[in-house]
Each structure stands twice: as structure tokens, then as C-alpha cells.
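Each reported figure results from applying straightforward, stated rules to the coordinates on display, with no laboratory input. Since we're looking at a predicted model, the values are computed, not measured. Cβ: placed from backbone, ideal geometry, glycine included. Neighbour counts: every protein chain shown.
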């Protein structure tokens, strides 16, 4: 199989592989032997880093669970198991989400691994990444095909689409019901005030409401595969 020179396009093609369930072993071999210098040279902006790692993460959640659905019986073990090949290392979904995408520092204690993550991770944290990551359960956002050239717009679109399907506002008691995702990552959005401001800015809560009560749905861990958007901007094979 001929792989594109651009890693972003490779990550987009990987999503198609994840959706169709073909050529996963070929892509695993490609990523296992991918030189670190190639990653470092091509993932050279915030937008390229986020687009690549989000596509990579979403694809491998699908690939791994299609290969072995029983892995999801232990969600924590599934996300923390180092089973994803990348440049001679094995990464976990936890590694990719926390260190590469969310830019979390906690746990980066191994000096060599720390260097690997710190040179390839996002330049800064962006809370809207939470609307882009699909954990293959019923509470997860839809999978989009992220491109660095339109990343900011895609984040906004993905966030609005997800929240429109999940958020409800009760004006009689000024209560807004939010998805479980926002409770889990409420600190990333600035806590209660940040979430309230977000709901107002997106039009879910009237601007003139002074006090808003936040309530959160329960997380639904029911497995849900192939929750892809309709538009697939991929190269033809």
C-alpha cells in the first residue's frame, strides 16, 4: 500500500480504515516504523498536532474495539493499555488523550517518554477538543475528519452539534441540563461560571439570566461504534 507523504492525510485515511475495518494491520506496521523525526517535522503547529492526534485517537478506538469488542468490558483497562504502535513505542489511548491532546502534565515522570510527548503534544490546551473525541460509547460526540486548515471552525461546529443534541434549558427554574462530558471536564471549561458563559454564548441560556442551575446527565457507557459524520474528505485509493 502506498501511503501519502502528508501525515494529516494518513490520519484521514486511517479513519476510513477504522470505519471499513480493512488494512488495519498495514497501518499499524506503518506507524510502528514511522521515524520520530518525521512526526516532529510534520506536526509543527498547534493545528496539525491536534488534527493528527484526534484523528489517530478516534480511529484506534474503533479499530481496537472491532478487533476485540470484549476489551470494553473494562473501560479503564482498555484506555490505559499500551497497545497502539507509534514510532517504535506503544501508546495507550490515555496517553494520546491526556498528554498529546489535552496537554496534561500529571504522570509524565519517565524522562524519555516525557521527551517524546513534550515534543509532539499540542502547544496549548483547548477545551473544545472534548467535543471531538469519541470513546465509542453512547455519550460520545460524533466522529469528524479533522483538518488543520479548518480546525477552529470544525471544533465550533462539532461542539454546537453535540450540545444541541444534549443540552436542554428549563426557564421556569433556570436549570440547564448538560451532557456528562461537561461534568467530567468542567474544570477545562472554567468551572460553573465558564460553563454558564459557554451556554449563554451559544444561545442555550438567555443572556439576561443571572443565576443558572447546572445539572448533568449520567454517562452512558453503552458501546456505540461507527458514529461517523457523513462527510469524508479522503483521497481515493
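Stretch residue 219-residue 33 to full length: gain in nm at 0.36 nm per residue minus the Cα-Cα span?
This chain segment gains 63.2 nm when fully extended.
Taking only Cα atoms, what is the 0 to 90° angle, nearest 10, from helix 46-67's long axis to the longest principal axis of the chain?
Rounded to the nearest ten degrees, it is 80.
What number, rounded to the nearest 500 deg cm²/dmol, is the helix-based mean residue ellipticity at 222 nm of the chain, given -39500 (n - 2.57) per DSSP H run of at least four residues and division by all its residues?
Calculated from helices alone, the mean residue ellipticity at 222 nm is -13000 deg cm²/dmol.
Against the longest principal axis of the chain, how steep is helix 151-166, in degrees 0 to 90 to the nearest 10, with axes from Cα atoms?
50 degrees
Based on the mean of other Cβ atoms within 10 Å per residue, sort peptides 94-104, 37-47 so the most packed one is first.
In descending order of packing, they fall as 94-104, 37-47.
Fully extended, how many nm does the chain gain between residue 226 and residue 80 (0.36 nm per residue separation, minus their Cα-Cα distance)?
Residue separation times 0.36 nm, minus the Cα-Cα distance, leaves 50.4 nm.
Taking square-rooted eigenvalues a ≥ b ≥ c of the alpha carbon gyration tensor, is the range 8-141 rounded, prolate or oblate, where a/c under 1.5 means rounded and, failing that, a/b exceeding b/c means prolate?
Since a/c stays below 1.5, the shape of the range 8-141 is classed as rounded.
Considering only DSSP beta bridges with both partners in the chain, what is the antiparallel share in %, to the nearest 5?
For the chain, the DSSP antiparallel bridge percentage is about 60.
Quick one: compute the contact order of the range 7-146, relative version, from alpha carbon pairs under 8 angstrom and 6+ residues apart, as a percent.
Worked out over the range 7-146, it gives 28 percent.
Sort 6-13, 218-225 by the packing proxy (mean of other Cβ within 10 Å over each peptide's residues), most packed first.
Result, highest mean first: 6-13, 218-225.
So for the chain, averaging the separation of alpha carbon pairs under 8 Å that are six or more residues apart and normalising by length, what relative contact order in percent results?
Reported relative contact order: 21 percent.
Can you give me the relative contact order of the range 152-216 as a percent, contacts being Cα pairs under 8 Å and 6 or more apart?
Relative contact order here is 36 percent.
Any idea what angle helix 191-201 forms with the longest principal axis of the chain, computed on alpha-carbon atoms, 0 to 90 degrees, nearest 10?
For 191-201 against the chain, the angle is about 80 degrees.
So how far, in whole Å, is the C-alpha centre of the range 169-232 from the one of the range 50-80?
Between the Cα centres of the range 169-232 and the range 50-80 lies a distance of 25 Å.
For P(r) over Cα pairs in 5 Å bins from 0, in percent, pick the label among [x] 1, 6, 14, 18, 19, 16, 12, 7, 4, 2, 1, 0; [y] 1, 5, 10, 12, 11, 9, 6, 6, 6, 7, 7, 6, 5, 4, 3, 1, 0, 0, 0; [z] 1, 7, 16, 20, 22, 16, 10, 5, 2, 0, 0 that corresponds to the value derived from the coordinates.
Computed from the coordinates, P(r) over Cα pairs in 5 Å bins from 0, in percent corresponds to [x].
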